[in-house]
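Input: a single structure, listed below in structure tokens.
The values are calculated or read from the model by the stated rules, or taken from the named source; none is laboratory data. All values derive from a computational prediction rather than experimental measurement. So basically every Cβ, Gly included, is an ideal-geometry build from the backbone, and we count neighbours across all protein chains shown.
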Amino acid sequence: MPSNPSRKQSEASRRNLRGKEGPKTIAGKEASAANGAKNRGTKTAKARAKIIAGRQGLNDDSFYARAGCLSCQKHCMWPSFSVTTRFNQMPLGCLEEVLVSQPDLCFYYLEGLCLADFREGSATPAYGTICVTEPRFLRSFRPRDTAVSDEALNRLELGFRNQIISFVNEAELYLRRLRQQGCEETELHPRMIRILRILQDVLRRCRPCRFTGWKGHYESDDCLRWIAEGGFDK
């Protein structure tokens, strides 16, 4: 068979092979059919990191790279490690190791503040912010006097996380613009004003990130102070 066969040659080859490959006995055929059920995808974050690195290279900003998954010697029991990983599947110890050195990689981090309790009906502020690296963090999403399954809590947390990530990305974009152009000189559009109003609430309500120790919220930053004082409404 040539290295670049014609269509007829390929069809002839397939006809010749038909019935001559694979198991011949009933037991062999049943075992072969069951092989597909055994393959349930990548089992650990470490293995997933190796696959990603082999296919398209590991992003240096990913949690896999920051946690050193490719060279990690720990016994890995977690299937994934990314911003889309469900909380009950998140390697919290590895996440904390990453955030200690680079807290701004946290889903809930913005300008030194923790947005983990910035949600309607949150019960955490009175008791202090519960960090995403704590196992009990998921329980903070349980409505009071209501029985909710762990599956539902994981969905609630992941949905809220996606909302915060989207907000943080947009807020950081507008903050860069304000700092580059000047707060008073920047032309504000309705969407920008809406995000700044939410950011104003964040500055008033949210506590410092536990890994930064940054306090004062906005007193030391002219742009944040301008937002906190409602300069965009003047």
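The table that follows gives values for the structure above.
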item: Spans of helices (runs of 4 or more DSSP H) in the stretch 7-60 with at least 1 residues modelled with pLDDT under 65 and either within 24 Å of Ser71 (Cα to Cα) or of a type outside the set (Val, Ile, Thr) (or both); result: 7-17, 26-38
item: Residue check for Glu151: modelled with pLDDT of 90 or more and farther than 22 Å from Asp221 by Cβ; result: yes
item: Number of positions in the stretch 193-213 that are free of Cβ contacts under 8 Å to residues at least 24 places away in the same chain and crowded, with 17+ Cβ neighbours inside 10 Å; result: 0
item: Of the criteria (1) at pLDDT 75 or above; (2) part of a loop (DSSP other than H, G, I, E, B); (3) not acidic (Asp, Glu), which one Asn88 fails; result: (2)
item: Pairs where the first residue, in the stretch 117-141, is more than 18 Å from Gln163 (Cβ to Cβ) and among the β-branched types (Val, Ile, Thr) and the second is crowded, with 19+ Cβ neighbours inside 10 Å and at pLDDT 70 or above, C-beta under 6 Å, 6+ apart; result: Thr133/Leu95
item: Leu173 at negative phi and buried (at least 16 other Cβ atoms within 10 Å of the Cβ); result: no
item: Odd one out for Asn154, checked against (1) surrounded by 13 or more Cβ atoms within 10 Å (Cβ to Cβ); (2) without any contact (Cβ under 8 Å) to a residue 60 or more places away in the chain; (3) of a type in the set (S, T, N, Q); result: (2)
item: Filter pass, Ile164 being in contact with a helix residue (DSSP H, G or I) (Cβ under 9 Å, 6 or more places away or on another chain) and surrounded by 11 or more Cβ atoms within 10 Å (Cβ to Cβ); result: no
item: Residues satisfying the stated conditions in the stretch 57-115, i.e. touching a strand residue (DSSP E or B) at 6+ places or on another chain (Cβ under 9 Å) and either farther than 29 Å from Ile198 by Cβ or in contact (Cβ under 8 Å) with a residue 40 or more places away in the chain (or both); result: Leu99, Pro103, Cys106, Tyr108, Gly112, Leu113, Cys114, Leu115
